[in-house]
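Written below as structure tokens is the structure these notes are about.
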Amino acid sequence: MNVQDIAAEKGALFLDEVLPGWVDHINVEAVDIKLKSRCILGQLAGGYYTGLRRLRIKDEYGYGFSLPAPPPDSTWTRLQEAWISEIEKRRSVNV
């Protein structure tokens, strides 16, 4: 497990707690973790910063919602893959 996996898992557990059913509002095919409108919070709240405010998130890096700048593209890719894995885990349980 890498840092991105741990952060996405932590973020997904947070969302499970504060926003039950959040995975039903994510279009996995449209997820682009680098784009503020298509990232996890972007899809859930209509925008990355709106999501941070509404959910009162103070540690966006620790929860895997973003990365400290400037990360290499491969780190963004690993974070996106980690989030998709968390979403797929939850969807397979709910089937």
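Bear in mind that the values in this text are calculations on the coordinates, not laboratory data. Predicted model only: the values in this text are computed from it and were never measured. All Cβ positions, even for glycine, are placed from backbone atoms using ideal geometry, and neighbour counts span all protein chains on display.
Restricting attention to region 24-42, which residues are closer than 16 Å to Ile84 by Cα, without any contact (Cβ under 8 Å) to a residue 40 or more places away in the chain and basic (Lys, Arg)?
Matches in region 24-42: Arg38 only.
Of all residues in region 50-63, which are among the hydroxyl-bearing types (Ser, Thr, Tyr) and within 19 Å of Asp5 (Cβ to Cβ)?
Correct list: Tyr61, Tyr63.
Of these, Ser74, Ser85, Ser66, which one is closer than 19 Å to Ile6 by Cα, buried (at least 18 other Cβ atoms within 10 Å of the Cβ) and of a type in the set (S, T, N, Q)?
Unique residue meeting the criteria: Ser66.
Using the structure shown, decide if Gly21 is among the small types (Gly, Ala, Ser), surrounded by fewer than 19 Cβ atoms within 10 Å (Cβ to Cβ) and without any contact (Cβ under 8 Å) to a residue 40 or more places away in the chain.
Answer is yes for this residue.
Mind listing whichever residues of region 2-18 are surrounded by fewer than 18 Cβ atoms within 10 Å (Cβ to Cβ) and within 10 Å of the chain's Cα centre (by Cα)?
Step one: filter region 2-18 for residues surrounded by fewer than 18 Cβ atoms within 10 Å (Cβ to Cβ), giving 2-3, 5-6, 10, 13, 16-18.
Within region 2-18, just Lys10 meets the criteria.
If you check every pair at least six apart or on different chains, which have Cβ atoms under 8 Å apart with a residue in region 43-59 that is farther than 17 Å from Val31 by Cβ first and a residue that is of a type outside the set (Ser, Thr, Tyr) and not in a helix (DSSP H, G or I) second?
Tyr49/Lys36; Leu52/Glu60; Leu52/Phe65; Leu55/Leu19; Ile57/Phe65
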